[in-house]
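Let me begin by presenting the structure, written as structure tokens, before commenting on it.
The values are calculated or read from the model by the stated rules, or taken from the named source; none is laboratory data. No experiment lies behind these values; they were computed from the predicted model shown. Methodologically, a virtual Cβ is constructed for each residue, glycine included, from the backbone with ideal geometry; neighbour enumeration extends over all protein chains shown.
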Amino acid sequence: MSRQIRTDRNAGDIADALDALIRRAHEADRQPPFNDQSRLALAAGNARLITLEDNQDALLGAAIIDGVGFEAVIDPAHRGHGHGTALIGEVLAGTAGAGVLSAWAHGDHPAAAALARVHEFERARVLYRLERELEPEAPGPVTIDPLISTFLAERDADDWVSLNARVFRDHPEQGALLRADLDARTGEDWFDPENFLLVRDDAGHLIGYNWLKVLPGDTDGEIYVLGVAPETAGQGLGRRLMNAGLARFAELGLTTTSLYVDDSNPGALGLYRSLGYRTDTIDVQYHRPRV
């Protein structure tokens with residue numbers, strides 16, 4: 001099959017084809033090929049898109065380059081033919097490619113590791129996707145934790161950005177989120193303020209949150225991001241927020257729950273495992289030195 005690599009595609013013009021490619025890859029790999037940051041940056045015009053197509057302009061693969069990092073995917077039906085090598089070669093070509101220093105591989109696949117070695121990328125971070133089954137909510141009224149409120153943008157948005165930056169000050173992606181990034185996420189079709197759980201102290205300061213993500217029509221509830229103020233660590237607030245999130249998922253009738261956690265965060269990993277989460281898949285971030 002002949003192929004062509006294009007750097008001139010407008011994401012909006014091929015949105016349906018790109019969504020279909022993402023959906024096929026998600027179904028085959030059991031996880032999305034692009035994270036939220038890449039998708040939102042592309043939609044906002046802040047990321048570059050490179051596509052791999054056949055001679056009939058059918059989309060076989062795509063790469064999104066956001067700053068110094070990229071993610072790439074090849075249609076599951078067209079893997080094993082060198083398309084990934086060709087696509088990544090274009091991502092890393094020329095002056096622009098020299099500035100691309102990191103890549104996420106969604107799934108710890110030998111093929112991704114081999115491509116990383118070819119291009120002198122080294123394994124740098126591991127991100128676990130954990131999953132567990134949910135028990136149906138018992139009949140009767142739902143018990144509401146009196147400490148917990150739900151998200152109201154005009155009251156909570158700026159406080160959340162500030163707390164999130166403190167909680168994830170050593171995290172290169174999550175800790176860098178700004179108000180515009182929050183607004184973009186709350187504009188997504190899956191966002192529901194009732195699924196954004198917050199805790200304030202007696203003085204009214206935001207000290208913890210558990211943001212839940214439920215895709216329309218899905219039966220899985222994701223712990224999108226959980227955070228507690230550093231000064232409250234070790235006081236059980238994270239577990240309390242987790243239990244509230246699990247209760248909310250059960251109330252919604254979901255059957256499973258999932259989350260992502262970095263292997264460099266043993267405290268969070270221990271909490272999640274104590275609540276019954278088990279490893280489902282592994283993502284790997286590769287880095288290479290500046291050239």
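Checked against the criteria, A15 does not count as in contact (Cβ under 8 Å) with a residue 12 or more places away in the chain, assigned to a helix (DSSP H, G or I) and over 16 Å from the mean Cα position of the chain (by Cα). When the test is whether a residue is assigned by TED's automatic domain parsing to the domain that holds L246 and surrounded by fewer than 18 Cβ atoms within 10 Å (Cβ to Cβ), D156 does not pass it. Taking strands (runs of 3 or more DSSP E) as the structural unit, those lying wholly within region 148-240 and holding at least 3 residues that are at pLDDT 95 or above and more than 14 Å from the chain's Cα centre (by Cα) correspond to 196-200, 206-213, 220-228.
Filtering region 99-113 down to residues that are in a helix (DSSP H, G or I) and at pLDDT below 90, which residue is nearest to the chain's Cα centre (by Cα)? Working first, answer last.
At the first step, the residues of region 99-113 found to be in a helix (DSSP H, G or I) are 110-113.
Keeping just the survivors that are at pLDDT below 90 gives 110-112.
Numbers: P110: 22, A111: 22, A112: 19 Å.
Ranking the candidates gives A112 first.
Residues in region 274-291 that are over 17 Å from N210 (Cβ atoms) and touching a strand residue (DSSP E or B) at 6+ places or on another chain (Cβ under 9 Å): R278, T279, D280, T281, I282, D283, V284, Q285, Y286, H287, R288, P289.
Out of all the residues in region 137-145, is one or more touching a strand residue (DSSP E or B) at 6+ places or on another chain (Cβ under 7 Å), modelled with pLDDT under 95 and surrounded by 12 or more Cβ atoms within 10 Å (Cβ to Cβ)? Scanning region 137-145 turns up no residue that is touching a strand residue (DSSP E or B) at 6+ places or on another chain (Cβ under 7 Å), modelled with pLDDT under 95 and surrounded by 12 or more Cβ atoms within 10 Å (Cβ to Cβ). In the set (1) buried (at least 17 other Cβ atoms within 10 Å of the Cβ); (2) within 23 Å of H81 (Cα to Cα); (3) at pLDDT below 95, L40 fails one condition alone, (2).
Picking from residues in region 63-98 that are in contact (Cβ under 8 Å) with a residue 40 or more places away in the chain and in a loop (DSSP other than H, G, I, E, B), the one that is surrounded by the most Cβ atoms within 10 Å (Cβ to Cβ) is D75. Here is the figure for region 185-202: residues that are buried (at least 19 other Cβ atoms within 10 Å of the Cβ) and of a type in the set (G, A, S) total 0.
Looking only at region 18-54, which residues are part of a helix (DSSP H, G or I) and among the charged types (D, E, K, R)? Steps first, answer last, please.
In the first step, residues of region 18-54 are kept if they are part of a helix (DSSP H, G or I); the result is 18-29, 36-43.
Matches in region 18-54: D19, R23, R24, E27, D29, D36, R39.
Considering only residues that are more than 16 Å from the chain's Cα centre (by Cα) and of a type in the set (D, E), look in region 46-85 and name the one that is nearest to E173 (Cα to Cα). So, considering only residues that are more than 16 Å from the chain's Cα centre (by Cα) and of a type in the set (D, E), the one nearest to E173 (Cα to Cα) is D75. Here is a list of conditions, (1) of a type outside the set (D, E, K, R); (2) on the phi > 0 side of the Ramachandran plot; (3) surrounded by 14 or more Cβ atoms within 10 Å (Cβ to Cβ), and G253 meets all of them except one; can you say which number that is? Unmet for G253, out of (1) of a type outside the set (D, E, K, R); (2) on the phi > 0 side of the Ramachandran plot; (3) surrounded by 14 or more Cβ atoms within 10 Å (Cβ to Cβ): (3).
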